[in-house]
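Student: The structure under discussion is supplied below as structure tokens; questions concerning it will follow.
The values are calculated or read from the model by the stated rules, or taken from the named source; none is laboratory data. Owing to the predicted nature of the structure, the values given are computational and were not obtained by experimental measurement. Here the Cβ is made from the backbone with ideal geometry for all residues, glycine too, and neighbour counts use every protein chain on show. SASA here: full protein model, heavy atoms, side chains in, ligands and nucleic acids out. Shrake-Rupley method; radii C 1.70, N 1.55, O 1.52, S 1.80 Å.
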Amino acid sequence: KPFVTETQTLTAECWSRFGPDQQLLMIANEMHRGLHSMSFEQRPSLQLVYERVLHMLGLTAQGNLSRNERREILRWKEVVGQLYLAEQSDPTQHREALRVLLQMRPALAGQIGPLGL
């Protein structure tokens, strides 16, 4: 069962129950899901992916992070914001953003190869 249904909003309290690795892995999972919505016709679905990612990033930035971690999360959030606002989907930039996200945490970097990033 997903941790968030369409009718409920992910709260800071719920999100804070996950550790930083889990949080970024869930964000990465959402970004990976977005790879399947790159066509022009699927742009609305991709924008919903970006909205969820931006929401989770905001919650992550509010959490217990070091100053450097928070700064990196907020920089990465700007990248996703640019992808969200773009008129067309950019699979290359999307994949690069996902790769950078996974590189933020050593425990997640091992996912880059299996995901073909």
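Student: Which count do you get for residues in the range 45-55 that are under 11 Å from the mean Cα position of the chain (by Cα) and open to solvent by less than 80 Å² (accessible area, probe 1.4 Å)? Talk me through it step by step, then tell me what you get.
Tutor: Of the residues in the range 45-55, the ones under 11 Å from the mean Cα position of the chain (by Cα) are 49-55.
Of the ones still in play, those that are also open to solvent by less than 80 Å² (accessible area, probe 1.4 Å) are 49-50, 53-55.
Within the range 45-55, residues that are under 11 Å from the mean Cα position of the chain (by Cα) and open to solvent by less than 80 Å² (accessible area, probe 1.4 Å) number 5.
Student: Follow-up question, since we're still on this one. May I ask you to list the residues in the range 56-93 that are open to solvent by less than 40 Å² (accessible area, probe 1.4 Å), within 13 Å of the chain's Cα centre (by Cα) and of a type in the set (A, V, I, L, M, F, W, C)?
Tutor: M56, L57, L59, A61, I73, W76, V80, L83
Student: Something else: What's the total number of residues in the range 12-44 that are open to solvent by less than 60 Å² (accessible area, probe 1.4 Å) and not aliphatic (A, V, I, L, M)?
Tutor: Quick first cut of the range 12-44, residues open to solvent by less than 60 Å² (accessible area, probe 1.4 Å) only: 12, 14-15, 18-21, 23-24, 26-28, 30-32, 34-35, 37-39, 43.
Filter once more, keeping what is not aliphatic (A, V, I, L, M): 14-15, 18-21, 23, 30, 32, 34, 37, 39, 43.
Count: 13.
Student: Continuing with the same structure: Only one of R95, R75, R33 is basic (K, R), over 26 Å from T9 (Cα atoms) and part of a helix (DSSP H, G or I). Can you tell me which?
Tutor: Numbers: R75 fails: over 26 Å from T9 (Cα atoms); R33 fails: over 26 Å from T9 (Cα atoms).
Result of the check over R95, R75, R33: R95.
Student: Condition test on E51, is it closer than 19 Å to A109 by Cβ, in a helix (DSSP H, G or I) and not polar (S, T, N, Q)?
Tutor: Working: closer than 19 Å to A109 by Cβ: no; in a helix (DSSP H, G or I): yes; not polar (S, T, N, Q): yes.
Taking the combined requirement at face value, the residue does not satisfy it.
Student: Among all residue pairs at least 6 apart or on different chains, which show Cβ distances below 9 Å where the first residue, located in the range 90-108, is under 14 Å from D21 (Cα atoms) and the second is loosely packed, with under 13 Cβ neighbours inside 10 Å?
Tutor: From residues that are under 14 Å from D21 (Cα atoms), the pairs are L102/A109; L102/G110; Q103/A109.
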